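The next block holds one structure in the form of structure tokens; read it before the comments.
The values are calculated or read from the model by the stated rules, or taken from the named source; none is laboratory data. This one's a predicted model, so the numbers in the text were calculated from it and none came from an experiment. When we count neighbours, we look across all protein chains shown, and the Cβ atoms used for this are built from the backbone with ideal geometry, even at glycine. Ligands, DNA and RNA are stripped out before the accessible areas are found, and what is left, the full protein with its side chains, is counted by its heavy atoms. Shrake-Rupley method; radii C 1.70, N 1.55, O 1.52, S 1.80 Å.
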Amino acid sequence: MSQAIDTVRLVCKRGLVLAPVAALLLSVAALLLGNGLLGTLLIVRAGQEGFSSGAISAMMTFYFAGFTVGAFVLPRIIVSVGHVRTFAGFAAIASMTTLLHVTFIEPIAWMPLRMVTGLAYAGMILATESWLNAHAVPSTRGQLLSIFGVVSMGSWATGQALLNIAAPASVTLFLVVSLLISAAVVPITLLPSHPPAEVEQEPVALKDVVLVSPLAAVGVFLTGLAIGGFWGMGPNFAQRIGLDVGGISAFMAAVLGGTLALQWPLGWLSDRVSRNLAIACAALASAAAAIGVALAAGAPLPLLLTAGALFGGFGIPIYSLCLAAANDDLPAGRRLGTARGLLLLNGVGTAAGPLIGGAAMNIVGPGGLFLCASVLLAILGVMALARGQPKRPLKTKATRCPSTPMITGSLDTMIRIQEESQRARY
């Protein structure tokens, strides 16, 4: 009994200190409000400026390329200079690049600016996520990461609504993004910095990642192609089918809202049935919804929003399902290397997605973006069904916390070190 009381006291003392957690989440909310608004704003503004679909898709590809590179090289910077300085430095870079977009309104200038922006956001996201994980203890980590996922998706969705507060052709919305990024620095700089320790990591070759879990490897790549195409060209699709600014923001918010609603239930399902079956169901459902989006291009807006919500709700969480499937029977020492390999495959797919989606739109019209996504997701669904696996015992259930490519595997090692130091201290 005394041990249980001590555990409760430990959790209350170390895991659920409300002030720093609230401040972290507030920083994340402001950061992703700005990023959600900027991503859609640039595509809408590019369309108004007469940028070609190829230029717009390439511009979005540069962003994802920068984010993917950042996810691999920036953890060393965090360990070297600390979480607060990392976040503040990259926030300054992101704020500057945001304003530079309205200084140089040319595709050739926006492409490198998007790459730098992706790199900067990767640095800020890695700093906040690793800090949150270091703050948590095992008894509260699932709760905190679940809240983090809800705040992240909610902020992205809300960021779409901010597109309506001013005309995309003006400088106002770019200033709003810059202000939001600057505001995100304020809460996180008020917290003490406790950077996790750097540890030796077992390297895992990319071919080994594919051999260990072929479905997960193919799944994160195909999902990156399909969902990356949406991230990069979704607003352009909405613009080309005749939606106004309000309609574009509503469509993007609907996709993110569907993700927010279905991410947790899909994780719950994957803990109780075969991971492969859960992946297959999610992929096929998202593929069907993608066809619905393409067909609803000329339908009433509510029907389009419903199809978009189902597409995102079933499609975006597939990455986390694949990551869980790859890690079910993996030795602890290889989880970091495997997670980074999956992140690389997903990043390559996400970077290529806007190019492929843009090409499909040029060939068959705006609906080609989602028809292409449907084909990719259907291929994944069939593969998952073909690789049947028995239901796992309930004792092997994984943590059901929302996971996206932004929550990288490098955090696993950081969490483990923090837990060991906590056990030694108490």
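A few points about this structure:
- Qualifying positions in the range 385-409 - at pLDDT below 50 and open to solvent by 80 Å² or more (accessible area, probe 1.4 Å): 390, 391, 394, 395, 397, 399
- Residue list for the range 44-59, restricted to those being aliphatic (A, V, I, L, M), over 20 Å from residue 95 (Cβ atoms) and open to solvent by less than 10 Å² (accessible area, probe 1.4 Å): 44, 46, 56
- Test result for residue 92, in the same structural domain as residue 35 (by the TED database), out of contact with any helix residue (DSSP H, G or I) (no Cβ under 8 Å at 6 or more places or on another chain) and at pLDDT 90 or above: yes
- The condition of being at pLDDT 90 or above and open to solvent by 10 Å² or more (accessible area, probe 1.4 Å) holds for only one of 33, 18, 26, that being 33.
- Residue among 348, 364, 382 that alone is closer than 17 Å to residue 294 by Cβ, of a type outside the set (Phe, Trp, Tyr), assigned by the TED database to the domain that holds residue 322 and open to solvent by 10 Å² or more (accessible area, probe 1.4 Å): 364
- Test result for residue 299, of a type in the set (A, V, I, L, M), modelled with pLDDT of 80 or more and more than 20 Å from the chain's Cα centre (by Cα): yes
- Count of the range 253-284 residues, restricted to those that are over 20 Å from the mean Cα position of the chain (by Cα) and open to solvent by less than 50 Å² (accessible area, probe 1.4 Å), is 6.
- The set of residues in the range 265-320 being of a type in the set (Val, Ile, Thr) and either under 25 Å from residue 152 (Cα atoms) or not assigned by the TED database to the domain that holds residue 345 (or both) consists of 279, 293, 306, 316, 318.
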